[in-house]
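Where a number appears in this text, it was derived from the coordinates with a stated rule and is not lab data. All figures in this text were calculated on a predicted structure; none of them were measured in a lab. Cβ placement follows ideal geometry from the backbone for every residue including glycine, while neighbour counts extend to all protein chains displayed.
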Amino acid sequence: MLELIKQPWPWYTSGAMIAFTMVLLIYFGKSFGVSSNLRTLCTIAGAGAKVKFFDFDWKTQKWNLLFLMGSVFGGLLASTILKSDQPLQLSEATVQDLRSLGITFDGELNPSDIFGPDFALSVKGFMILLIGGLFVGFGARYAGGCTSGHAISGLSNLQLPSLLAVIGFFAGGLLMTYLLLPLIFKI
Amino acid sequence: MKSLKFIVTGILFGIIMAKSEAISWYRIQEMFRFQSFHMFGIIGTAVILGTLAVYLIKKLKIRDYHGNPIVFQDKDKSWPRYLIGGLIFGLGWALTGACPGPMFVNIGYGYWAMIIVVLGSLAGTYIYGLIKDRLPH
């Protein structure tokens, strides 16, 4: 059983398990949406004193923070007792495209060329990660949800606004991939 | 005990995100370059099964764990916030390879540099709160 879980999961198992997570949270009387936690964390840090948007009773979101904490622990389990010894099976075309950007495919989940300390702690690398994160946080709150809240929960409930958000996610992702990444990584 | 079920669901979610490789920067690039079915298969399966589940919950009037009726909130009907906010989110998603869940799962996995991405996302959330009344929604 453990051996089976340790393998990289096929897409259909992964997709089914994500739907199961959503149903589980619905059954617990909650909803599946991760980015709300970012707002809650701002509130806990004291942002509610100055900005009305953060002035709410964060304890109503405690369950979601616990879910988030659990997910960090899940990541730890996946990298230790559940770690697969096979390299990631990335498409050869992607390997080539990334090479032309100067990013090497190392068989891990994330490239050491971006997330390794040498790059991440350089001024350029730090700014890329910080500003990238800023876009994710700003965009998620502006759009009222992220991949979990819109692409999974919203689409499952046939919400047109969520479809618009997902179209936006892809438009932004394509713009970054094809126009901006070459500029960012080649200078 | 009330808390435990959320922690356990979170652990499950973290394992799913990592084992599905949805937390991989490489996989997100592969998706935006349309060079593999993997991520589309994951999201597609989740949405199809999720839609079926939501339909059945409504149809069979299934109640939650506390015995309360399950209500699904409709999103506010508009378009600017979803398209513009979504576009900004997408820029960050393709750059960092991480949406909010995977950022945290990646930290647990041992990718410490994701802490920088999380700090950025908290700053972005704060800036949104600061200027939200001046943005078209």
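Here are the numbers for the structure shown:
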read-out: Dipole in debye (nearest 20) - region A:30-69, about Cα centre, beta carbon charges: Lys, Arg +1; Asp, Glu -1; value: 20
read-out: log₁₀ of I(q)/I(0) at q = 0.22 Å⁻¹ - region B:20-72, Debye sum with one point per alpha carbon; value: -0.77
read-out: All-pairs alpha carbon distance profile, chain B, 5 Å steps from 0, percent; value: 2, 8, 12, 15, 18, 18, 16, 9, 2, 0
read-out: Contact order relative to length of chain B, as percent, for alpha carbon pairs under 8 angstrom and 6 or more apart; value: 27
read-out: Chain B: DSSP helices with Cα axial extent of at least 15 Å and average Kyte-Doolittle hydropathy no lower than -1.0; value: B:4-19, B:38-59, B:80-96, B:114-131
read-out: Tail fraction, Cα-Cα pairs, chain A, threshold 31 Å, whole percent; value: 28
read-out: Cα-based reach from A:K50 at 28 Å (exclusive), listing lysines while leaving out same-chain residues under 8 positions away; value: A:K59, A:K62, B:K75, B:K132
read-out: Cα-based equivalent ellipsoid of the protein assembly as shown: semi-axis lengths in Å, sorted from largest, via gyration tensor; value: 28, 24, 19
read-out: Neighbouring partner chain Cβ atoms per residue of A:29-40, average, 10 Å criterion; value: 5
read-out: Cα lying deepest toward the dipole's positive end in the protein assembly as shown, options B:G108, A:G145, B:A22, charges on Cβ; value: A:G145
read-out: Cβ-placed point charges (K, R +1; D, E -1), dipole of the protein assembly as shown about Cα centre in debye, nearest 20; value: 1120
read-out: Residue exposure sequence - B:E30, A:E92 - by fewest surrounding Cβ within 10 Å; value: A:E92, B:E30
read-out: Selected from A:P161, A:G70, A:T21, residue furthest toward positive end of dipole (the protein assembly as shown; charges at beta carbon); value: A:P161
read-out: Dimensions (Å) - region A:28-84, Cα atoms, principal axes, largest first; value: 46, 25, 14
read-out: Residues B:H137, A:H150, B:H66, B:H38, sorted so that the one with the fewest Cβ neighbours within 10 Å comes first; value: B:H66, B:H137, B:H38, A:H150
read-out: Exposure proxy order (Cβ contacts within 10 Å, fewest to most) of A:V136, A:V34; value: A:V34, A:V136
read-out: Under the Karplus curve 6.51 cos²θ - 1.76 cosθ + 1.60, θ = phi - 60°, whole-Hz ³J(HN,Hα) for region A:136-147, x wherever Gly or Pro sits; value: 4, x, 5, x, 4, 6, 4, 7, x, x, 10, 4
read-out: Note, ³J(HN,Hα) from phi for region B:62-76, Karplus 6.51, -1.76, 1.60, rounded to Hz, x at Gly and Pro; value: 5, 9, 7, 3, 8, x, 8, x, 8, 10, 9, 7, 6, 6, 4
read-out: Rel. contact order, % - alpha carbon contacts under 8 angstrom, at least six apart, chain A; value: 24
read-out: Charged-residue dipole, Cβ positions (Lys, Arg, Asp, Glu), region A:54-182 about Cα centre, Debye nearest 20; value: 380
read-out: Derived scalar couplings ³J(HN,Hα) [region A:32-40; Karplus, 6.51 cos²θ - 1.76 cosθ + 1.60; whole Hz; x for Gly, Pro]; value: 8, x, 7, 5, 4, 4, 5, 5, 4
